[in-house]
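One structure below.
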Amino acid sequence: MNYGVIKENDLFYVFGPEGMIGRQYQHGLFTRDTRFLSRLQWHVQPDVLVLLESDTSTGYESVYRYTNRPPEDESGIPRESLLITRRQWVDGQALHESLIIENFAMVPVSLKYTYIIDADFLDMFEVRGFRQTPLARQIDVHSGNGSCVFSYMAQDGLITRTTVLLKSGEATVVDADWIRVSGDGTARQWTNSVTILPHSKQTEELVVEAGCSDRRKTATRMSRPEVKPAAIQNDFGNKLMGHSAPLSPAIWRSYQEWFSRMPQVSGNDRFAQWYAQGIKDLRMLQSDLGYGKMAVAGVPWYAVPFGRDSLIASRQMLLAERDVARGTLLTMAHFQGWEERSERDEQPGKIVHEVRNGELSRLGTLPFSQYYGSIDATPLFLLLIADYFKWTGDEEFVRGLLSHVERALTWMTRFGDRDHDGFLEYWREASDGIANQGWKDSGDSIMYSDGRLVEGTVALCEVQAYAHRAYMEWHDIYTAFGMVHEADNLKHHAKTLQANFLQHFVLADGTVALALDGEKRPCQVISSNMGQVLVSDILPPGVARTVAQHMVSPDMLTGFGIRTLSSQEIRYNPVSYHNGSVWPHDTSLIIYGLRRHGYVAESLEVIENLLRAQDAFEYHRLPELFAGFSAVEISRPVPYPVSCSPQAWAAAVPVFVLEQCLGLQPDGVHRVIQIDPMLPDSVPYLEIRGIRLGGGILSVSLRRDKGGVDMKIIENSSGWPLVHPMAKEVRS
C-alpha cells in the first residue's frame, strides 16, 4: 500500500511517506468527495534529520519522530541532540500538524523549516482518474494575518475554502508571510526560523481547515462529532490507544467510549490483535449524515455511504456493535427510492447504492449524488433489519421501519422482478451508471463458461439467496407481529423463488450457475458467488454439500482465502479485481454459509486461511482485496495495487469470524441465545468478555480439547437463557 490514511467523521487525509503529499496524484485532504489540500510538504534546513519511527495505526493520528543524523556536520549541531516529533491528526473539521522540537544539547540550536501547501478542489472522480480532463477551475489565494486561504466557486455556486493557520505555542502567528512558489501555480510556502535553548523545547502547529458555503449562506466548517465529556476508563481502550497525553482529547475520549462498548478478546494474541485492529478501523470509518453513525465503505475511494458495503459491514459487526447498524438502517431508509428516475437507476422502494457530494455528482455530470444501481442492497436492507431484531429484540425500532420494509418488499416483487419469474434481475438504465450491479461490479466480472461477457439483464445467484432468506425472515417477523396475510404472501414468494432457482440455477453436476442472462441461460462458471448462496436455505442438502466441497478445493481456496473465480476458468486472473482475487468479506460470508449448513471442518479451514492472510499485512489489517495466488506459489498474500485499506467490510471480518467461532445465534424475538462454539487449530483458547445481549452481557471462554471445544460461561446477565449442552454454568 503506497499511502497512509487518517480519518474522523467525513474528513480524511491520504498521505505518502512521512505524512506528506506532493507529486503523488491521489493523495490529499478530502471531505464532501472533494480534495481540499493537494500538497503538504515540510523540510528542515540544515538537512540533518533522520526518521526514527512512524506510527499510523490509530486511525485518526500519525506520528513521526526524528533526530539529527550523526556525525556532527558543518551545521554545528551536536549529533543526536535533537528530537523532533511531528503529529498529524484530524478532528472532523480540520487537519492539524504539530511540531515539538526538543534540544538535548548543551548549546542553543537554530533551524529553519518550510511548509509548502496547495489546494486544487478536484472531485474525487477526477483524483481517481475517471475523468481525463479535469474541470477548469479558477482558484483564488489570499494571505494575511498569518493565514493563507484557498477558495473556489464551483459551477453550482458552492464555495469551497481551505484555510491554513499557524500557531506557535498557544498563539496564532499573525505575521506569517506566505510566498508564491515560483512556477508552481497556486502553491504557497512559509519558512520559519527557530532557536531552541539548551534542554528546552518549542511547539509549533499548522492547522488546515476545510469549509464550504454557497452565495446565500455564511461559510461553515465541517461538523465536529459529538463526544461525551466524561473521562472513560477502559483497559481495552488504553491498550489500543496508549497512555500518552492525547493532542486531541475529544477524539481520544470518543475512541475510548467506543472501545468501552466493545467485547474484549484475549487468550490468543494473534486473533486478539486482528480483532482489535478491526475494532479500531470500524471506529475510524464511521460518518454521520444526520441519522446516526454508520460505516462508510472504505478509504480513500469510497468514504461515502454505500448501500451494499455499509449494510454488510453493519451485519458483520453485530456481535460487537448495534448502534452502527441502527444508524445505517435509518440512513438507508432516508435515501430509499421514491420515484422512477432512469438517469440514476432509481425506483420506488429501492435502497440506494451510493451517495456522493462531489462537484461532478452535484452538477449531474455523474449520476452518483444519489445513485441506485445495486440489485442486492434492497434485500440486504431487509436482512439487516431482521438480524438487528434478533440481536437486540428492539421491536419498537423494527416496527418504526415497517413502512420502509413494505416498500422494499414491493420493489423486490415489482421492479426487481419485472418478468415475474421470481428472480431479482438488474439492468442498467442510467447511461453513465454501473453495468454490473451486484457486488462484483467491474465490467468483466459476469461471463459465460467460454469467457464471453454477459450483456443486458442479469440475475445473480447470491442475490436470489439474499431474497429467499429475506422473504423467510420477514415471514417469521410478520408472523410474530400477527400479520398473517403478509407472512403467507412472503412464504409464497420464497417457495416460488426456490422452485425456479433449483430449476434454472442448479446445474447437472450439482454446482450453481454464477448468473442467468436475459434468456435464462446459465453462466456455468465456478465462482465464490455460489458460496454465498449458502447464506440462505434455498439449496437442498446435496447441492449445498457440492458447493461446500468446491469452496475448499485447490482451485478456489488459496491458503489465504477463497478466490472470486476458480483458477480453472478461462477468465481467471489472480491480479484482477473480481476474477480470481481474494476479498476477505466475501470469504467471511462463505464461512458463515458453511457454518450455517453444518460444514464445521470446512469453515475452520477457511478461517485458518484468513488468519494466515492477516499475519502478512501491516497492523493485522486485511485490505479490501488481495491477489489470488496460492500459498503453494508464494509465502504471503500479494497486495492489490489500488485496494482500499481500511475497508469497512474487511475491517469487520474478524468480528464476524468471532461470531462464527462462537456459533452465536441470539433470538431477540423469543429471548433465547443458541451457542455452538468451534475453534481453528491455531487458536487453542479464546476468552470473550462483554457481548451485549438483552439486558446485560454474555462472557465466555473457549478451549480446544480432543473432543472439540470446551466452553465455560463466565457471565450471562442478558436475561436470555443460553441453549447449549456443553455449558458448565449459566448465571442470569
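Here the Karplus relation 6.51 cos²θ - 1.76 cosθ + 1.60, evaluated at θ = phi - 60°, turns the backbone of the range 536-550 into coupling constants of 10, 10, 6, 9, x, x, x, 5, 4, 5, 4, 4, 4, 5, 5 Hz, with x for every Gly and Pro. Computed over neighbours whose Cβ is under 15 Å from that of Tyr599, the net charge equals -2, Lys and Arg +1, Asp and Glu -1. Only helices enter this figure: runs of n ≥ 4 DSSP H residues, each worth -39500 (n - 2.57), summed and divided by the residues of the chain, yield -8500 deg cm²/dmol at 222 nm to the nearest 500. As a rough footprinting exposure proxy, the listed residues Ile6, Ile117 were ranked by other beta carbons within 10 Å of their own, and the order from fewest upward is Ile6, Ile117.
Relative to the Cα centre, the charge distribution of the range 4-221, modelled as +1 at Lys and Arg Cβ and -1 at Asp and Glu Cβ, gives a dipole magnitude of about 580 debye. When the charge dipole of the chain is built from unit charges on Cβ atoms (+1 for Lys and Arg, -1 for Asp and Glu) and taken about the Cα centre, the candidate among Cys148, Val398, Leu37 whose Cα reaches farthest toward its positive end is Val398. Here the range 665-723 is described by how far its Cα atoms reach on the three principal axes: 34, 18, 14 Å, from widest to narrowest. Projecting the alpha carbon convex hull of the range 543-691 along each direction and taking the average yields 10.1 nm². Counting only Cβ charges, +1 for Lys and Arg and -1 for Asp and Glu, the dipole size of the chain around its Cα centre is about 840 debye.
Among the listed pairs Lys293/Lys712; Lys280/Lys350; Lys280/Lys440, those with a Cα-Cα distance over 30 Å are Lys293/Lys712; Lys280/Lys350. A cut-off under 14 angstrom between Cβ atoms defines the neighbours of Ala171, and their net charge, with Lys, Arg +1 and Asp, Glu -1, is -3. Within the same chain, aspartates and glutamates fewer than 8 places from Lys112 are excluded, and of the rest, those with a Cα less than 13 Å from its Cα are Asp47, Glu204.
For the range 4-221, the orientation-averaged shadow of the C-alpha convex hull comes to 12.9 nm² (one quarter of the hull surface). Each principal axis of the Cα cloud of the chain was evaluated for its coordinate range; sorted largest first, these ranges are 81, 59, 52 Å.
Laboratory data are not the source of any read-out in this text; all were calculated from the coordinates shown. Everything numeric here is computed off the predicted structure, so don't read it as measured data. Using ideal geometry, Cβ is built from the backbone for each residue, glycine included, and neighbour counts are taken over all protein chains shown.
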